[in-house]
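Here is the structure we will look at.
The values are calculated or read from the model by the stated rules, or taken from the named source; none is laboratory data. Not measured: the values here are computed from a predicted model. Heads up, the Cβs are rebuilt from the backbone with ideal geometry, glycines too, and the neighbour counts pull from every protein chain shown. These area figures cover heavy atoms from the full protein model, side chains too; ligands, DNA and RNA do not enter into them. Shrake-Rupley method; radii C 1.70, N 1.55, O 1.52, S 1.80 Å.
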Amino acid sequence: MKFTLENNDPSSKARAGLITTDHGQIETPIFMPVGTAGTVKAVHQREIKEDIKAEIILGNTYHLYLRPGLDVIKAAGGLHQFNGWDKPILTDSGGYQVYSLGDNRKITEQGVKFKSHIDGSMHDFTPENVMDIQRVIGADIIMAFDECTPYPCDKKYAENSMHMTHRWLRRCIEHFDQTEPIYDYSQTLFPIVQGSTYPDLRKQSAEFIAEQGREGNAIGGLSVGEPHEDMYAMTELVCDILPTDKPRYLMGVGTPENLLECIALGVDMFDCVMPTRNARNGMLFTSEGIINIKNERWKTDFSPIDPPIGGYVSTFYSRAYLRHLIMSKEILGAQICSVHNLTFYLWLVKEAREQIKAGTFATWKDRMIKKVTTRL
């Protein structure tokens with residue numbers, strides 16, 4: 001994987017860059033639709049590629065390992081072959097999913113023992129076998145195995161967890177570097193910065209991660225319930241330490257406002273389930289603000305959903321028709337909302353990129369934040 005830094009915004013820390021992988025190029029800043037179990041919920045691959053114009057999607061190690069299982073994925077020739085997506089894929093290591101299992105997992109120095117949410121069977125994740133699992137899945141970018149701390153988090157716990165994540169990272173790197181890709185393309189390992197909302201821990205973790213010299217770096221353990229101000233403060237601190245010539249990925253973030261603020265702090269890559277999860281409940285993000293399509297006011301609004309962003313569903317279907325589908329609990333309603341929200345997110349980061357290249361990002365961002373936080 002190669003990263004080229006193309007532009008820096010003169011009035012913020014925002015950057016435009018280009019990531020090159022064996023499955024194609026990714027223009028940054030970028031938003032990555034979440035395809036947890038090998039699918040972006042309710043959305044066809046053709047729509048992701050041609051309408052939403054996503055350049056990379058996510059898969060999840062924990063979910064894919066449990067179902068359909070590694071045997072199926074390997075027999076298919078990897079996740080790209082299995083789901084028919086021919087552009088880059090990133091896989092999360094499963095650390096966050098294991099963290100969210102609560103009482104159904106036990107964390108030790110060796111790794112994590114956990115109970116499957118599907119059938120209650122017991123499994124082990126270690127830094128080494130999570131690298132092996134991600135080799136089989138075959139994503140272009142794979143994540144190190146880490147522990148995601150909760151919020152709020154006791155400082156001593158956060159510190160011990162961070163040091164264990166660092167020890168696990170060394171094991172991930174050693175095992176990854178001693179193994180070869182299973183398929184005929186290369187893979188890249190991203191380490192993850194932890195440290196909860198404690199500036200001294202975040203600084204220590206970011207310095208440790210920067211020293212590893214990998215091709216890209218991630219920021220984890222944020223967007224887990226902490227105030228936005230803390231998220232921004234930790235993101236800024238970490239971005240100021242991580243090398244400028246490597247892409248920076250802020251995991252699990254966030255709202256359109258979060259994306260714009262964090263792009264201004266120097267983040268290049270984002271993912272979040274919010275656009276599709278909210279879509280299924282009838283919440284739309286648009287270039288003029290947030291729409292709850294269930295509201296009565298859209299009942300006879302026959303204008304398209306959001307013409308400025310382009311894309312088939314956002315320009316073809318009316319708000320009134322979409323409201324009818326959602327109120328009738330028609331599956332098509334959830335599909336349209338999902339495609340629209342993802343189209344909006346990709347439109348937003350592409351607009352941000354153009355503004356960075358033009359040197360006008362900072363003033364545009366302030367205008368856009370007012371719009372995207374307005375409830376229509």
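Side notes on the structure shown:
- Cβ-Cβ distances below 7 Å connect the following pairs, each with a first residue in the range 350-369 that is within 16 Å of Val267 (Cα to Cα), a second residue that is assigned to a helix (DSSP H, G or I) and among the aromatic types (Phe, Trp, Tyr), and a separation of six or more residues or different chains: Ala352/Phe361; Gln355/Phe361; Gln355/Trp364.
- Against the conditions (1) touching a helix residue (DSSP H, G or I) at 6+ places or on another chain (Cβ under 8 Å); (2) of a type in the set (A, V, I, L, M, F, W, C); (3) within 20 Å of His123 (Cβ to Cβ), Ile57 satisfies every one except (3).
- Selected residue (criterion: nearest to Leu242 (Cα to Cα)) from residues of the range 195-229 that are aliphatic (A, V, I, L, M) and part of a loop (DSSP other than H, G, I, E, B): Leu222
- Hits in the range 217-230 - residues which are over 17 Å from Phe31 (Cα atoms) and surrounded by 24 or more Cβ atoms within 10 Å (Cβ to Cβ): Gly221
- Annotation note: Cβ proximity below 8 Å between a residue of the range 124-140 that is under 12 Å from Ile89 (Cα atoms) and a residue that is part of a helix (DSSP H, G or I) and open to solvent by less than 10 Å² (accessible area, probe 1.4 Å) (sequence gap 6+ or interchain) occurs for Gln134/Thr61; Ile137/Thr61; Ile137/Leu64; Ile137/Ile73; Ile137/Leu79; Gly138/Ile73; Gly138/Leu79; Ala139/Leu79.
- With respect to the conditions (1) within 16 Å of Leu376 (Cβ to Cβ); (2) touching a strand residue (DSSP E or B) at 6+ places or on another chain (Cβ under 9 Å); (3) open to solvent by 20 Å² or more (accessible area, probe 1.4 Å), Glu296 falls short on a single one, namely (2).
- Residues of the range 306-319 that turn out to be open to solvent by 30 Å² or more (accessible area, probe 1.4 Å), free of Cβ contacts under 8 Å to residues at least 24 places away in the same chain and hydroxyl-bearing (Ser, Thr, Tyr), as a count: 2
- Candidate set from the range 153-182 (those that are closer than 16 Å to Ile133 by Cβ and of a type in the set (S, T, N, Q)); member that is least open to solvent (accessible area, probe 1.4 Å): Thr179
- For Ile219, the conditions (1) modelled with pLDDT of 95 or more; (2) over 23 Å from Phe3 (Cβ atoms) all hold with the exception of (2).
- Residue, most open to solvent (accessible area, probe 1.4 Å), within the range 320-376, restricted to residues that are in a helix (DSSP H, G or I) and of a type in the set (S, T, N, Q): Thr363
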